[in-house]
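Working notes for the structure below.
The values are calculated or read from the model by the stated rules, or taken from the named source; none is laboratory data. Here the structure is a predicted model, which means the values were calculated and not measured. Please note: Cβ atoms are built from the backbone with ideal geometry, for glycine as well, and neighbour counts cover all protein chains shown. All accessible areas refer to the heavy atoms of the entire protein, side chains included, with ligands and DNA or RNA removed. Shrake-Rupley method; radii C 1.70, N 1.55, O 1.52, S 1.80 Å.
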Amino acid sequence: MDTRLPRYSFANYYDLIYSWKDYKKETALLRKIIRKHQRSKGKSLLEVACGTGNYIQYLKDDFSIVGTDLSADMLKVARQKFPNIPLIESDMCKVRLNDSFDAIVCLFGSIGYLKTYGNLRKALRNLSRLLNPGGVMLIEPWLRRSTFHAGSPHLNTYSDVNLKVARLCVSRLVRNCSVMDMEFLVAERNGKVRHFVERHELGLFEPKLVLKIMREVGLRAEYMKEGLIQDRGLYVATKSL
Ligand SMILES: C[S@@+](CC[C@H](N)C(=O)[O-])C[C@H]1O[C@@H](n2cnc3c(N)ncnc32)[C@H](O)[C@@H]1O
């Protein structure tokens, strides 16, 4: 059986497209925020929607980590990098694990993929069950209606001597979702220029409603305006001891 990734999958180019992102610096901030809010004694951390594991790289020496993600393709890349870390394919709305955790993180807007408040409630209820008393949950949001600019064109590129990748999209607003048909052009040495498209749909959640849901599922919650990256903020939720 051929177990390689389909070559023209976003997962294959994810780390290249985001090679500008400073995961090391963000993780240093993340660690500080966890330390400040965590009241439980342990060092277990669940990263939900861990993707290709770019935060795991900088968290693994301080925490005992489990990663989960919906995408088998993303996890395949992560497993190649971290063969010794448990990485589980699952939907954050349904994930069931035998362990519970001192910290749960869901970063880089991944929560937006839930699209609706109904799914958001399911996921937060589910994740709240997986949090230890005294534990902390950090959720980095996607955009909201007032920060999402429908119709804006976007371009990301990667270039080395053997490979050129361009990702373009013009975002659209459909009901309460930002919809992005991401068009990829990939040129490899001695190959052809390939084109593929992936649709990404992310819900535009309002902080007030997110906080309300967090409280409904039994967490104490606040929204920090200054988060890990500019203009995104961060939800910090804790479970009483
Ligand atoms: C923008 S990527 C972020 C990946 C990683 N956290 C990072 O910052 O590099 C979003 C990730 O969310 C995952 N995802 C989307 N919906 C999900 C769901 N319902 N449950 C778990 N993961 C999900 C995707 O597969 C993807 O890996």
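Some points to look at:
- Longest segment of the chain lacking trypsin sites (Lys or Arg not before Pro) that sit in a DSSP loop with at most 15 other Cβ atoms within 10 Å: 44-93
- In this structure His195 has an accessible area near 110 Å², from a 1.4 Å probe over the protein heavy atoms.
- Estimated distance in nm for a label pair at Arg175 and Asp62, the labels positioned 7 Å out from Cα along Cα-to-Cβ: 3.9
- For the chain, accessible area per residue (1.4 Å probe, heavy atoms of protein chains only), Å²: 53
- Given +1 at the Cβ of Lys and Arg, -1 at the Cβ of Asp and Glu and no other charges, the dipole of the range 151-225 around its Cα centre is 100 debye to the nearest 20.
- With at most 14 neighbouring Cβ atoms within 10 Å, loop chymotrypsin sites (Phe, Trp or Tyr not before Pro) (DSSP) excluded, longest segment of the chain: 21-241
- Only Lys, Arg (+1) and Asp, Glu (-1) charged, at Cβ; the chain dipole about Cα centre in debye: 580
- Checked against a 24 Å cut-off, the cross-linked pairs Lys94/Lys225; Lys76/Lys164; Lys24/Lys212; Lys41/Lys239; Lys24/Lys60 give Cα-Cα distances beyond that limit for Lys94/Lys225; Lys24/Lys212.
- Beta bridges from DSSP with both residues in the range 101-241: antiparallel share about 90 percent, rounded to the nearest 5.
- Using C-alpha pairs below 8 Å separated by at least 6 residues, the relative contact order for the range 46-133 is 30 percent.
- Whole-percent carbon and sulfur share, accessible surface of the chain, 1.4 Å: 51
- Calculated mean residue ellipticity at 222 nm for the chain: -7500 deg cm²/dmol, from DSSP H runs with n ≥ 4 weighted as -39500 (n - 2.57), summed, divided by the residue count and rounded to 500.
- Where both bridge residues fall in the chain, DSSP classifies roughly 70% of the beta bridges as antiparallel.
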